[in-house]
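What follows is a set of notes on a single structure, which appears directly below.
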4 protein chains.
Amino acid sequence: MSYTLAMSQLHRAMFGDADVLKLFSADDEVTAIVQFEVALAKAQESCGFVPVGTAEAVAVASKNLSFDDAKFEKAVAQDGVAIPAIVAYLKSAVGPAFAEHVHQGATSQDVIDTALMMQARSAVGLVRKNLAAQLATLTELLKNFGQRTLMGRTRMQRALPMTVGDRLKVWQHAIAQSEVALSQLVFPVQFSGPIGIGNDAKVKTLLAADLGLAVVMQSWQTDRLPVLALGNACVGMTGALGKIGADVSLMMQNEIAEIKLRGGGSSSAMPHKQNPVKAEILVALARWNATLLSGLHQAAVHEQERSGAAWTLEWLALPQMICATASAARLGRELFDSVESVGA
Amino acid sequence: MSYTLAMSQLHRAMFGDADVLKLFSADDEVTAIVQFEVALAKAQESCGFVPVGTAEAVAVASKNLSFDDAKFEKAVAQDGVAIPAIVAYLKSAVGPAFAEHVHQGATSQDVIDTALMMQARSAVGLVRKNLAAQLATLTELLKNFGQRTLMGRTRMQRALPMTVGDRLKVWQHAIAQSEVALSQLVFPVQFSGPIGIGNDAKVKTLLAADLGLAVVMQSWQTDRLPVLALGNACVGMTGALGKIGADVSLMMQNEIAEIKLRGGGSSSAMPHKQNPVKAEILVALARWNATLLSGLHQAAVHEQERSGAAWTLEWLALPQMICATASAARLGRELFDSVESVGA
Amino acid sequence: MSYTLAMSQLHRAMFGDADVLKLFSADDEVTAIVQFEVALAKAQESCGFVPVGTAEAVAVASKNLSFDDAKFEKAVAQDGVAIPAIVAYLKSAVGPAFAEHVHQGATSQDVIDTALMMQARSAVGLVRKNLAAQLATLTELLKNFGQRTLMGRTRMQRALPMTVGDRLKVWQHAIAQSEVALSQLVFPVQFSGPIGIGNDAKVKTLLAADLGLAVVMQSWQTDRLPVLALGNACVGMTGALGKIGADVSLMMQNEIAEIKLRGGGSSSAMPHKQNPVKAEILVALARWNATLLSGLHQAAVHEQERSGAAWTLEWLALPQMICATASAARLGRELFDSVESVGA
Amino acid sequence: MSYTLAMSQLHRAMFGDADVLKLFSADDEVTAIVQFEVALAKAQESCGFVPVGTAEAVAVASKNLSFDDAKFEKAVAQDGVAIPAIVAYLKSAVGPAFAEHVHQGATSQDVIDTALMMQARSAVGLVRKNLAAQLATLTELLKNFGQRTLMGRTRMQRALPMTVGDRLKVWQHAIAQSEVALSQLVFPVQFSGPIGIGNDAKVKTLLAADLGLAVVMQSWQTDRLPVLALGNACVGMTGALGKIGADVSLMMQNEIAEIKLRGGGSSSAMPHKQNPVKAEILVALARWNATLLSGLHQAAVHEQERSGAAWTLEWLALPQMICATASAARLGRELFDSVESVGA
């Protein structure tokens, strides 16, 4: 088995969403980090809090970022976060005139939280595109097969006949509701300083505007509302698709044969089989995100002004939830696209 | 140890919220169930779907509900749900003229889901009262102690000095946000019939109005959005209070002594100790709800038109989450009320 | 919905195991608590650590235990645990000559942990009886139906034909392995004192022998190995039965009809249906225990010599896991007993 | 934030254990996969089930394994697992004389489960080395500081004085017990064929011997005992270290100062701070594994002879648990190595 299915050459074709994984690569994380530092310098310069020229100096320095890997890893191994090492690099790159104004008033958590929101906003955008495609395909399927008869089943027993449309509309509604939840997420900037008691409102507003993020005046360094809302929306979506995956697996049973898919997985031992691979993975991803969600909410118990342990737990859980959500969105789209017929 | 802390005479004084537990007693569940059946008959009669007199007959029958316990338990043991037994009782009680119109067009899940929403709405109302009291006490504490100095601490190390108000405002904001989330919950009626393909919109609307619930036209028999939103709001609130509980436990450490509480737990072995019992339980309830939340979202994977296994899992998790939330709301209020001073 | 399915008159016929619930009632918890105090006095008296007559005095006092409920609840509300109130009661009941020797060298956690192990050992005994009955019935089913053909299915698709016996043996092996795991559990006494640094080995040994528990010399006040092992064994068993429940639900699908059960749940709306209620609940209980297990292991993070928050979280999770395990053991037995035929 | 802390250049210096991550790389997974196929051919050839020369042919083919990445990814995207593509490659490489004897009697799950056990066994070996080092360092710390006084603390309040040795022995015992649990794990071969009804016992035994794995005669394709036992042992170990991490964080509080560490994390905003980074991460990893454990046990509910959805969920959870365990083992060792003094 590979450490992560999404990143392994052996599994990623099925599990990973390459675009979203790229957003959560170290490269893209560094890009977001330096975007924060540049935008901060700009905002502070335009408020007169740092000398004229700071923003330009930071921008130039950030373009030529190059780390001595060994030195960098040693710094991270000591500090637990990469920000002090990156800030030290920028300070040295801008030279003594501006050094003290790099990262001014900010703390590591400001940078990481903000970078996370930038990454998450982009990822959610990609997810929503896949959901829109799913909804379009479902509309098509409804038109083509909606009038056909389907046996309504409850508690896994035949209940009463209904139409294919009756079931597809339930799917459609659940996906549409997930999409609404994702569309209503707020991605705020974090700029709250070392003990979270805030920073200049104008700088925060300019910074947010520059980075395309929202402003919430209160620090969310310990009150992780935006993060929990994001996790909740992710699991809502994978849950909706997990239900659909379970339905498709049941509909594909040979004796029931209520749905026909193009393609489908083959078996190393039984060439005659056609496995509902994508449907199964949607179930697995739903349960995976439901698992991770617990960790995300365990991470809500921050101590005092900023917590190391709780925040780290969030880092472990959240990116995986977002990427699982993206994989589910892609697989769901592919699954719907592969439907040859529903009902009889 | 007792099966549930909330219900055991040995533990409930600390863990249970009596009012909310009563809402989730068998008696109150039966009350909600028959309210549904009465309101349904009324709504259908006013739409002309059942004979004049049905509503009155069901209402009368529901008032004299009396079960043969042994017979009832046997029925439940067979059917898995109590509704068929209750409906059979009502049918027999209204007599042959109306029997076929009792529970007309409804299924067990309609009744149980609707009763759940009635119970949940009342429980959330009680929770919100405790949160309002908490916010009032915090305002008082802010007035009395907000100007005092407090050491800001990050990663459990002294960081920079700030004021007591700086920390209390973080607490206040988190509680206020939880309250907002609870206030925005929607509690819909369920009336979707045996395979969830809906029922007369007018009956549904009248039914909802009678029971004080919201209307969503689409069935939520498998798309458990209202249930998941409720769980998310519960864990959001207990998480916010769990953070505060962790803070208070840390502030009460003897060498740090940043907060003084009245009362507090004694020890069977060390009479000199004063244990921050309520603060600790707030942490435990936060982690408990974060645990249960995972089960609630595992229960999102319903099969086909209605799932037995997933729905049962929801039953196991959700009432416990609501009751834990209510306990936390009460304990949080008591904890704030017991604050003698904060900071120095 | 009711607060706990296992205790509600509306649901317990399906969900509760009455015998195991009784073991985790407040009454039985108090009984176990006073058994500890009596056995401790006896052990200490026989070592000469308390005056002759102490054991007798505690034994007599413990027989006439009667609490003023209001006073008792007030004490619990303050201390968070019931032990100080019970110990105070015993001290007063034995009179000044022996009062200081009641609970000597013990702390609340010693009593509660030990009582828990007494309750758990009895519960596991009951569970194992149901597993033995399951295994006997499976042997019978194997004899009667083992030679019949059954379609082997993988990834929910027809794979290759096999025999009914092939599948039943998998069930049997999983149950047998669960039984082995339960049979190997160790239930140790706790007698480690206020800060866990141990107590007289001879007293501990006598105490354990008197209560029918094992001895581990090292305190397990924070190293919750026996508790975690118990939880792991519980979830192992419910997982094994959950797999069987999933199989039975799939086998009972109308088009597949690989198993016939006697009885089975009826529907309030569709009298023709026969729902695989017990099989579904086995799935739900497997997922419920898998959910709770996470909380139990979150509770492993104890602080310092004894933790309030972590220990409380354990209280919330563990008794529920044990009772869910007992319910599953009973339902599994009933499910196997109801099998009319398997295969064709 | 990066998708996985363990693999990101930005975080791995703190979170990853390079050796164990390598074991769970795609390269090492492929290596284990082909080792299985080679060993299988050898075992079958020595039993006379495949023509003489098969083993040699497979061994040669496996050495020159080279995939057309695009073609390979396409195959995986279709089948959900990589084995059919790898087997097809080997079949073509050995030529028509032996092709039908490659992977004979095996199914994808046999290969993946066996490879997983090979990877896990090696990983556990590395973890145990770090635990042995931890225990050695603790012995040293006990010798140097064990006699010093330490305040015993319960419920986060000062309780009674004890020695540093009293606390260190609790740590030591918990780690030693974790080590015992890991040392008792059984890593069995899987060779059960497409529907799990087993295969030749002699082939299985030879195969296991060749790969250094254990033999269990019953298929564990759906009864995931070895996997669950592995997960339980992992979370037991990270829980033990999480408790120690929590203790160290509390001991390092400035006002309490019961432990002194060399090194320690710096802050981007407050250069005077020394953050207990490794201790915090141990807490986070304990909670992370407790989170993932739930998913692993959710994955116990396999359907029929082999489940796609449940198995996939296991893939998502288990490698991450093992790698988190390895990271904790390394960080724990580094933490103990960095102790300058304990107590006063």
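The values are calculated or read from the model by the stated rules, or taken from the named source; none is laboratory data. Model, not experiment: these values are computed from the prediction. So basically every Cβ, Gly included, is an ideal-geometry build from the backbone, and we count neighbours across all protein chains shown.
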Among the residues of segment C:242-263, is there at least one that is touching a Leu at 6+ places or on another chain (Cβ under 7 Å) and over 21 Å from residue B:308 (Cβ atoms)?
no
Residues located in segment A:23-47, provided they are touching a residue at least 60 places away in the same chain (Cβ under 8 Å) and surrounded by fewer than 20 Cβ atoms within 10 Å (Cβ to Cβ):
A:28, A:35, A:46, A:47
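Being within 19 Å of the chain's Cα centre (by Cα), closer than 22 Å to residue D:253 by Cβ and not aliphatic (A, V, I, L, M) is the requirement here; does residue A:315 meet it?
Values: within 19 Å of the chain's Cα centre (by Cα): yes; closer than 22 Å to residue D:253 by Cβ: no; not aliphatic (A, V, I, L, M): yes.
Criteria not met by residue A:315.
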Which numbered condition trips up residue A:6, out of (1) among the small types (Gly, Ala, Ser); (2) touching a Cys at 6+ places or on another chain (Cβ under 7 Å); (3) without any contact (Cβ under 8 Å) to a residue 60 or more places away in the chain?
(3)
Return the pairs, sorted by first residue and then second, in which the second residue is among the polar types (S, T, N, Q) and surrounded by fewer than 22 Cβ atoms within 10 Å (Cβ to Cβ), the first residue lies in segment C:198-223 and is over 12 Å from residue D:170 (Cβ atoms), the beta carbons are less than 7 Å apart, and the residues are 6+ apart or on different chains.
C:206/C:46; C:211/C:35; C:215/C:205
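Residues checked against (1) facing chain B (nearest Cβ under 9 Å); (2) under 30 Å from residue C:288 (Cα atoms); (3) at pLDDT below 95:
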position: C:8; (1), (2), (3): yes, yes, yes
position: C:11; (1), (2), (3): yes, yes, yes
position: C:17; (1), (2), (3): no, yes, yes
position: C:27; (1), (2), (3): yes, yes, yes
position: C:59; (1), (2), (3): no, no, no
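What are the residues in segment A:154-192 that are among the basic types (Lys, Arg) and free of Cβ contacts under 8 Å to residues at least 12 places away in the same chain, if any? Please lay out each step first, then the result.
Looking only at segment A:154-192, we keep the residues that are among the basic types (Lys, Arg), and these are A:155, A:158, A:167, A:169.
Scanning segment A:154-192 gives A:155, A:158.
Only one residue in A:309, A:290, A:286, A:329 is closer than 27 Å to residue B:232 by Cβ, outside any loop (DSSP other than H, G, I, E, B), more than 9 Å from every other protein chain (Cβ to nearest Cβ) and of a type in the set (A, V, I, L, M), so which one is that?
Exactly one residue qualifies, and that residue is A:329.
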Could you check residue A:116 against (1) under 30 Å from residue A:197 (Cβ atoms); (2) more than 8 Å from every other protein chain (Cβ to nearest Cβ); (3) outside any loop (DSSP other than H, G, I, E, B) and say which number it fails?
(2)
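Please verify whether segment A:263-278 includes one or more residues that are facing chain B (nearest Cβ under 7 Å), in a helix (DSSP H, G or I) and closer than 28 Å to residue D:297 by Cα. Walk me through it before giving the result.
Taking segment A:263-278 first, the residues facing chain B (nearest Cβ under 7 Å) are none.
There is no residue in segment A:263-278 that is facing chain B (nearest Cβ under 7 Å), in a helix (DSSP H, G or I) and closer than 28 Å to residue D:297 by Cα.
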Top-ranked residue of segment B:142-193 - restricted to ones that are at the interface with chain A (Cβ under 7 Å from one of its Cβ atoms) and small (Gly, Ala, Ser), ranked as surrounded by the fewest Cβ atoms within 10 Å (Cβ to Cβ)
B:152
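Step by step: first the residues of segment C:293-306, then only those that are assigned to a loop (DSSP other than H, G, I, E, B) and touching a Phe, Trp or Tyr at 6+ places or on another chain (Cβ under 8 Å), then the one that is nearest to residue C:107 (Cα to Cα). Which residue is that? Talk me through it step by step, then tell me what you get.
First, pick out the residues of segment C:293-306 that are assigned to a loop (DSSP other than H, G, I, E, B): C:299-305.
The next check asks that each one be touching a Phe, Trp or Tyr at 6+ places or on another chain (Cβ under 8 Å); those that pass are C:299, C:302.
Numbers: C:299: 20, C:302: 17 Å.
Selected residue: C:302.
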Does residue D:288 count as crowded, with 21+ Cβ neighbours inside 10 Å, more than 28 Å from residue B:255 (Cα to Cα) and either at pLDDT below 95 or touching a His at 6+ places or on another chain (Cβ under 9 Å) (or both)?
no
Only listed residue being within 10 Å of chain B (Cβ to nearest Cβ) and under 11 Å from residue C:33 (Cβ atoms), chosen from C:111, C:76:
C:111
Helices (runs of 4 or more DSSP H) (entirely within segment B:1-85) containing at least 1 residues that are of a type in the set (Ser, Thr, Tyr)
B:26-46, B:54-63
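With respect to residue B:88, is the statement that it is more than 27 Å from residue B:318 (Cα to Cα), away from every other protein chain (no Cβ under 13 Å) and part of a helix (DSSP H, G or I) true?
Spelling it out, it is not the case that residue B:88 is more than 27 Å from residue B:318 (Cα to Cα), away from every other protein chain (no Cβ under 13 Å) and part of a helix (DSSP H, G or I).
Only one of D:80, D:53 is at positive phi and either among the aromatic types (Phe, Trp, Tyr) or crowded, with 20+ Cβ neighbours inside 10 Å (or both); which? Full working, then the answer.
Details: D:53 fails: either among the aromatic types (Phe, Trp, Tyr) or crowded, with 20+ Cβ neighbours inside 10 Å (or both).
Step by step, each of D:80, D:53 is checked, and only D:80 is at positive phi and either among the aromatic types (Phe, Trp, Tyr) or crowded, with 20+ Cβ neighbours inside 10 Å (or both).
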Regarding segment D:109-119, can at least one residue be identified that is surrounded by fewer than 19 Cβ atoms within 10 Å (Cβ to Cβ) and either within 31 Å of the chain's Cα centre (by Cα) or more than 18 Å from residue D:306 (Cα to Cα) (or both)?
no
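Output yes when any residue across segment B:201-211 is in a helix (DSSP H, G or I) and modelled with pLDDT under 95, and no when none is.
Here is the first cut: in segment B:201-211, the ones in a helix (DSSP H, G or I) are B:201-211.
Now restrict to residues that are modelled with pLDDT under 95: B:201.
Yes - at least one qualifying residue is present in segment B:201-211.
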